[in-house]
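The structure appears right after this line, and notes come after that.
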Amino acid sequence: MLRILLRRRKRSLSLEDVTVTDRPAVRRAISAAAMGNTMEWFDFGVYAYVATTLGKVFFPSSSPGAQVVSTFATFAAAFLVRPLGGLVFGPLGDRIGRQRVLAATMIMMAVSTFAVGFLPSYASIGFAAPILLLVCRLVQGFSTGGEYAGATTYIAEYAPDTRRGFLGSWLDFGTFIGYSLGSGLVTGLTAALGTDGMTHYGWRIPFFVAGPIGIIGLYLRLRLEETPAFQREAEQAHAEAEALRSQEDGADPVEEARQSGRGRLKEIFTEHWQAVLICMGLVLLYNVTNYMVTSYLPTYMTSTLGQNDTTAQLLVLGTMVVVALTITTVGRSSDRWGRRPVFLFGSVAMIALAVPSFALIRLNGILYPAIGCLILGLLLVCFAGTSAATLPALFPTRIRYGALSISFNVSVSLFGGTTPLVASALVDATGDRMVPAYYLMGAGAVGLVSALLLRETAGKPLMGSGPMVESPEQARKLVARSRVAAGRRARDVWIRVRHPRTRDRSGR
């Protein structure tokens, strides 16, 4: 009798607890989520590569150094509103669903990026031109506040537990494909039109291309369904609400407050503040590296080091291609070896290799700068290949979108998106061309501490969700193993209760 009670107390899994993923649905989810990231980073790639040109078009009265700083200040301004977008879109995605919010952010990103191509220059309307550029960037930043967190949440909640790293890495694959497309287009236009042609009209062309990309992404997202995890959470919340309504004294005000947006925000910062800090530290490491390489490095090599525009652009573009080609391999490796070891390795390597990388980039020729860029790219892929699977697993389903949106966007706004502005301003103020390397070392130190505190989640169900598998056979095997494990736990407890001295004599 005691053993039966113990079995019930340590209840094993049933087939109803295990979700079998639908492969076509998973492919659609990955494609639609990655397309949004492609759209977002196409814009970043274009903006980074035409930063010098935009400085001439919108800030012509400034010195060359001030033009670059002004352009990156406009770039960084978009990140100031990203936390606001996260506060709006994140909790909204937890309440009304991931799919609706992702469709809305796709529309806003596409329209605002497309509109930049139509902006008049400073020579045409004066000071109003940079103001309009700033408005477009603010709309982009606001919409992006709900983009990456929503996309990672969506993929993580659709992916099988044992393949979440590999499937999640396709999201950031879309990131670097988008960046490569944007930067590659600008490189080709610069080679074909020359500096004068780009300043006159060529800079507009890449922004016009964003329109069709946005339409494709919106079409894919409108065809998506809600994730199984969100559907289960919504059904449970609905059942709880119905139970409260059926009570004679009406709904519980405490429960109503907990379900509200304000209640969810309070829960994030009171019950999950440690996960928020870990998330912010990992995001800082990833995004400082990311924006240093993708957004600042092309300008650093041309404006600060005086290298040829086309050479610098090709070096960074080649680095992005290497990252895109290796990112899914890193994601698959994190499924096998764990997320924590990959982050730890990347953090330590960043601290050790940041200075040598920039020392190589500063050398003359092509070979040594290419090696320096390649090292930075391989460090970046350590974080890019694992983040999409690691960050959503830090939070439970009911607050996952909101908590991740807030943590991610606050960290990106304070540290990631400001990286080009801070690095260019410090180099200009101090005259020390190694400042970017020191900045990366600091990010590596923060990432190392965060990785040490990270709980391993590879191969495990998401917090607040049941197991996710790829086939009914895997579900049956998982349930069978769970029943065997529950039986063994019950047996061990039964033995300790009925024969307490047995354990003392064996020393176990």
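The values are calculated or read from the model by the stated rules, or taken from the named source; none is laboratory data. If you're wondering where the values come from, they're calculated on a predicted model, not measured in any experiment. Here the Cβ is made from the backbone with ideal geometry for all residues, glycine too, and neighbour counts use every protein chain on show. What goes into the accessible areas is simple: the full protein's heavy atoms, side chains included, and nothing from ligands, DNA or RNA. Shrake-Rupley method; radii C 1.70, N 1.55, O 1.52, S 1.80 Å.
Looking at the chain, how many pairs of lysines come closer than 30 Å at the Cα, when each pair is eight or more places apart or spans two chains? Close lysine pairs found across the chain: 4. The loop-placed chymotrypsin sites (Phe, Trp or Tyr not before Pro) in segment 71-155, going by DSSP, that have at most 10 neighbouring Cβ atoms within 10 Å of their Cβ come out as 127.
Summing +1 for each Lys or Arg and -1 for each Asp or Glu among the other residues whose beta-carbon sits under 11 angstrom from that of residue 178 gives -3.
Placing pseudo-labels 7 Å out from each Cα toward the beta carbon at residue 481 and residue 273 gives an inter-label distance of 3.8 nm. Out of 139, 129, 354, whose Cα points farthest toward the positive end of the dipole of the chain (charges: +1 Lys, Arg; -1 Asp, Glu; placed on Cβ)? Highest projection toward the positive end goes to 354.
Here the accessible area of the chain is 62 percent carbon and sulfur, with a 1.4 angstrom probe and all protein chains present. In a shell of Cβ-Cβ distance under 12 Å around residue 346, excluding residue 346 itself, what net charge do Lys and Arg (+1) and Asp and Glu (-1) give? Taking every Cβ under 12 Å from that of residue 346, the sum is +2. Rolling a 1.4 Å probe across all protein chains gives residue 441 an accessible area of roughly 60 Å².
In degrees between 0 and 90, to the nearest 10, how far off the longest principal axis of the chain does helix 400-411 point, with axes built from Cα atoms? That works out to roughly 40 degrees.
Counting only alpha carbon atoms, the long axis of helix 339-361 and the longest principal axis of the chain meet at about 10°. From the Cα gyration tensor of the chain, with a ≥ b ≥ c the square roots of its eigenvalues, which class applies: rounded if a/c is under 1.5, or else prolate if a/b is larger than b/c, or else oblate? Prolate is the answer for the chain, as a/c is 1.5 or above and a/b outweighs b/c. About its Cα centre, segment 70-206 has a charge dipole of approximately 180 debye under the convention of +1 per Lys or Arg Cβ and -1 per Asp or Glu Cβ, with nothing else charged. Taken one residue at a time, the phi angles of segment 412-417 give Karplus couplings (6.51, -1.76, 1.60, θ = phi - 60°) of 5, 5, 6, 10, x, x Hz. Gly and Pro are set to x. The 3J(HN,Hα) values that the Karplus relation (6.51, -1.76, 1.60; θ = phi - 60°) gives for segment 126-134 are, in residue order, x, 5, 5, 4, x, 5, 5, 4, 4 Hz. Gly and Pro appear as x. What angle, in degrees between 0 and 90 and rounded to the nearest 10, separates the Cα long axis of helix 64-80 from the longest principal axis of the Cα atoms of the chain? Once rounded, the angle reads 20 degrees. Database remark: amide H of residue 457 closer than 5 angstrom to the amide H of 339, 340 (H placed geometrically; neighbours at sequence offset of 5 or more, or on other chains; Pro and chain starts carry no H). The listed residues 335, 43, once ranked by accessible area (1.4 Å probe) with the largest placed first, stand as 335, 43. Estimated purely from DSSP H runs of n ≥ 4, each contributing -39500 (n - 2.57), the mean residue ellipticity at 222 nm for the chain is -25500 deg cm²/dmol once divided by its residues.
Relative to the current alpha-carbon distance between residue 455 and residue 359, full extension at 0.36 nm per residue lengthens the span by 31.0 nm.
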